[in-house]
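Presented below is the structure to which this report refers.
The values are calculated or read from the model by the stated rules, or taken from the named source; none is laboratory data. Not measured: the values here are computed from a predicted model. Cβ placement follows ideal geometry from the backbone for every residue including glycine, while neighbour counts extend to all protein chains displayed. Surface accessibility is based on the protein's heavy atoms, side chains included, excluding ligands, DNA and RNA. Shrake-Rupley method; radii C 1.70, N 1.55, O 1.52, S 1.80 Å.
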Amino acid sequence: MSPQTAEVTSPKNVRHDWSDGEIRALHDLALTELLFRAQAVHRQHHAADEVQLCTLMSIKTGACPEDCAYCPQSARWNTELEVERLLDVDTVLDAARAARRAGSTRFCMGAAWRQVKDNTDFDSVLDMVRGVRDLGLEACCTLGMLTEEQAKKLADAGLTAYNHNLDTSEAFYGEVITTRTYDDRLRTLGAARKAGITLCSGGILGMGESIEDRIAMLLTLASLDPHPESVPINALVSVPGTPLADRPPLDTFELVRMIATTRLVLPTSVVRLSAGRTEMSDEAQALCFMAGANSIFAGDKLLTTPNPGEDRDRALLKRLGLRPMTQGPTEERLRRSGDAAQAEA
Ligand code: SAM
Ligand code: DTB
Ligand code: SF4
């Protein structure tokens with residue numbers, strides 16, 4: 001059995017039968033109690049002082065046919081974004097090498113596509129994946145919808161994870177995106193999982209969704225078996241020109257509650273404090289780490305919007321006494337489940 005096939009077995013003590021009432025009750029605990037419980041669960045499965053650094057790169061930017069209301073890359077909104085066709089493989093691998101030098105253990109490549117097409121661009125992405133893996137980094141891609149055959153090709157190239165966010169609840173989804181359905185999203189996640197690729201799937205807070213919507217999204221994520229190994233929690237970056245440009249900023253404690261609740265219902269997943277950190281204080285980020293977040297995006301850019309940058313993050317981690325992980329945790333998990341499978345054989 002290959003390590004990636006072995007991963008498709010749920011670890012023990014992880015629940016897939018949460019109810020929305022149970023999740024809501026956790027979410028609404030006194031913040032002190034919620035943080036205490038989340039920290040206890042975090043320590044059962046993760047090192048308390050380690051944070052994974054990941055680097056994002058937009059490998060194809062803008063002119064996307066989808067109508068995601070939050071996204072600066074949709075062709076429907078006038079966001080003055082510079083459109084860029086697919087970057088060449090060497091440019092991407094140079095960036096991956098720089099990311100590794102700066103301490104990242106995962107390199108995530110994002111393309112503003114509705115779906116992957118079987119063409120030379122996809123062949124280049126497969127070369128990028130092989131190149132990133134050869135550097136010893138975890139490789140993640142987010143390329144839109146995938147067929148099972150395309151997922152298999154990505155798996156064969158060595159892809160560690162596929163990012164495809166549910167973004168919000170099924171009920172609120174149509175308020176944000178009309179050009180694809182929640183089921184389309186779940187189908188792509190299923191295709192990636194079937195190919196043996198680990199899943200990265202989470203959401204965005206602050207788009208006007210209710211607390212019920214946030215809980216419903218967590219319930220859907222926690223119902224997946226196995227759970228997504230990686231769960232990004234993004235605070236909306238409100239970009240001028242998008243329909244969500246004028247959303248008020250997310251309340252820090254609402255973010256912290258969601259991170260802690262995510263940690264409790266998805267105990268073994270890496271919880272990523274993703275977009276929106278530029279607007280957050282060091283104290284807010286510290287609370288997110290206390291709540292169970294154990295990964296951030298490093299570098300001064302996310303896909304198209306600003307991120308705090310190396311200097312500020314180095315200072316933040318130093319101030320908090322946190323260490324960047326030296327090995328990708330998903331990689332380690334795949335290796336361990338592969339070893340266990342071999343021992344059983
Ligand atoms: N086109 C692919 C897709 O939609 O799956 C991949 C790229 S897309 C930019 C990746 C994710 O970035 C989205 O699913 C969304 O969760 C997140 N994202 C995009 N714009 C954002 C924003 N303004 N604020 C926070 N997150 C955002
Ligand atoms: C995720 O959940 N957040 C990242 C990554 N996965 C691909 C993307 C955030 C994008 C923020 C808006 C931008 O920079 O364009
Ligand atoms: Fe396109 Fe992805 Fe942005 Fe939606 S989130 S507009 S699919 S790049």
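Grab the beta carbon distance between D28 and R314, set R0 = 30 Å, and tell me the FRET efficiency rounded to 0.05.
Working: r = 36 Å, r/R0 = 1.19.
Result of the calculation: an efficiency of 0.25.
What ranking do 297-310, 262-275, 79-92, 133-146 get when scored by the average of other Cβ atoms within 10 Å per residue, highest first? Don't skip to the end; give the middle numbers.
Details: 297-310: 18.5, 262-275: 25.1, 79-92: 14.6, 133-146: 20.7.
Going from most to least packed, we get 262-275, 133-146, 297-310, 79-92.
³J(HN,Hα) across segment 114-122 via Karplus (A = 6.51, B = -1.76, C = 1.60, θ = phi - 60°), whole Hz, x for Gly/Pro?
Computed from phi, the couplings for segment 114-122 are 6, 7, 7, 10, 7, 9, 5, 4, 5 Hz.
If amide hydrogens are placed 1.01 Å from N in the peptide plane, which non-local residues have theirs closer than 5 Å to the one on T142?
For T142, whose amide H was placed from the backbone, the distant partners under 5 Å are M109, G110, A111, N163.
About the Cα centre of segment 209-260, what is the dipole size in debye to 20, counting +1 per Lys and Arg Cβ and -1 per Asp and Glu Cβ, all else neutral? Intermediate values should be presented prior to the final figure.
On the way: 3 positive and 8 negative charges, 22 e Å.
The dipole magnitude comes to about 100 debye.
Using a 1.4 Å probe, how large is the accessible area of V41, given in Å² and rounded to the nearest 10?
The value for V41 is about 30 Å².
Percent relative contact order of segment 99-152, based on C-alpha pairs within less than 8 angstrom and at least six residues apart? Mind dumping the intermediate values first?
On the way: 51 pairs, mean separation 28.4, N = 54.
With pairs under 8 Å counted, the relative contact order is 53 percent.
How much net charge surrounds L135 when only the other residues with a Cβ under 9 Å from the Cβ of L135 are counted, with Lys and Arg +1 and Asp and Glu -1? Before the final figure, lay out each step's value.
Details: positive: R97, R100, R133; negative: D134.
Neighbourhood net charge equals +2.
Can you compute the charge dipole magnitude of the chain about its Cα centre, using +1 on each Lys and Arg Cβ and -1 on each Asp and Glu Cβ, nothing else charged? Give it in debye, rounded to the nearest 20. Can you show the working numbers first?
Values: 38 positive and 49 negative charges, 155 e Å.
The calculated dipole for the chain is roughly 740 debye.
Which of the aspartates and glutamates could a cross-linker bridge to K301, judged by Cα under 17 Å and excluding same-chain residues fewer than eight apart?
E80, E82, E84, D94, E279, E310, D311, D313
If you wrap a convex hull around the alpha carbons of the chain, what volume per residue comes out, as a whole number of Å³? Show your work: numbers first, answer last.
Details: hull volume 42.7 nm³, N = 345.
So the per-residue hull volume is 124 Å³.
How big is the equivalent ellipsoid of segment 175-221 along its three axes, where each semi-axis is √(5λ) from the Cα gyration tensor, reported in whole Å from largest to smallest? Mind showing how you got there, number by number?
On the way: eigenvalues 100, 35, 14 Å².
Each semi-axis is the square root of five times an eigenvalue, giving 22, 13, 8 Å.
Which of the listed residues, T326, G158, I177, is farthest toward the dipole's positive end in the chain, when Lys, Arg count +1 and Asp, Glu count -1 at the beta-carbon?
The listed residue farthest towards the positive side: T326.
Using unit Cβ charges (K, R positive; D, E negative) and no other charged atoms, how large, in debye to the nearest 20, is the dipole of segment 57-200 about its Cα centre?
Working: 18 positive and 22 negative charges, 87 e Å.
Computed charge dipole of segment 57-200: roughly 420 debye.
Which residues' amide hydrogens lie under 5 Å from the amide hydrogen of Q52, considering only partners 5 or more residues apart or on another chain, with H built in the peptide plane?
When sequence neighbours closer than 5 places are left aside, the close amide H contacts are S295, I296, M325.
What relative contact order, as a whole-number percentage, does segment 130-283 give when Cα pairs under 8 Å and 6 or more residues apart are counted?
Values: 221 pairs, mean separation 31.8, N = 154.
Relative contact order comes out at 21 percent.
Hey, any idea what the orientation-averaged projected area of the convex hull of segment 195-345's Cα atoms comes to, in nm²?
So the mean shadow area of the Cα hull is 10.6 nm².
Compute all pairwise cysteine Cβ distances in the chain, then list the cysteines with no distance under 4.7 Å to another cysteine.
When partners are defined as cysteine Cβ atoms under 4.7 Å apart, the chain leaves C54, C64, C141, C200, C288 without one.
I'd like the Kirkwood hydrodynamic radius of segment 38-116, using the inverse of the mean 1/r over distinct C-alpha pairs, in Å.
Working: mean 1/r = 0.0665 Å⁻¹.
Final number for the Kirkwood radius of segment 38-116 is 15.0 Å.
Counting alpha carbon pairs within less than 8 Å and at least 6 residues apart, what relative contact order, in whole percent, applies to segment 175-252?
Details: 61 pairs, mean separation 25.1, N = 78.
Relative contact order comes out at 32 percent.
On each of the three principal axes of the Cα atoms of segment 118-237, give max minus min coordinate, whole Å, ordered largest first.
Ordered largest first, segment 118-237 gives principal extents of 42, 29, 27 Å.
Picking from I204, W18, P240, whose Cα lies most toward the positive end of the charge dipole for the chain (charges on Cβ: Lys, Arg +1; Asp, Glu -1)?
Working it through, the farthest residue towards the positive pole turns out to be W18.
How large is ³J(HN,Hα) for each residue in segment 176-188, as worked out from phi by the Karplus curve 6.51 cos²θ - 1.76 cosθ + 1.60 (θ = phi - 60°), to whole Hz, x for Gly and Pro?
For segment 176-188, the Karplus curve yields 10, 9, 10, 8, 7, 10, 4, 5, 4, 4, 5, 4, 5 Hz.
Run the simple label-point estimate for N13 and T278 please: 7 Å along Cα→C-beta, distance reported in nm.
Reported label-point gap for N13 and T278 is 4.1 nm.
Across segment 104-110, in residue order, what do the Karplus-derived ³J(HN,Hα) couplings come to in whole Hz, using 6.51 cos²θ - 1.76 cosθ + 1.60 with θ = phi - 60° and x for Gly and Pro?
Calculated HN-Hα couplings, in order: 6, 10, 9, 10, 10, 10, x Hz.
What does the charge count around D88 come to, taking other residues whose C-beta lies under 14 Å from its C-beta (Lys +1, Arg +1, Asp -1, Glu -1)? List each step's numbers first, then the result.
Working: positive: K60, R85; negative: E84, D90, D94, D121, D123, D127.
Spelling it out: positives minus negatives among the neighbours equals -4.
No solvent, one uniform scatterer per C-alpha: report log10 I(q)/I(0) for segment 256-338 via the Debye equation at q = 0.12, 0.15, 0.23 1/Å, two decimals.
Listed by q, the Debye log ratios stand at -0.38, -0.59, -1.21.
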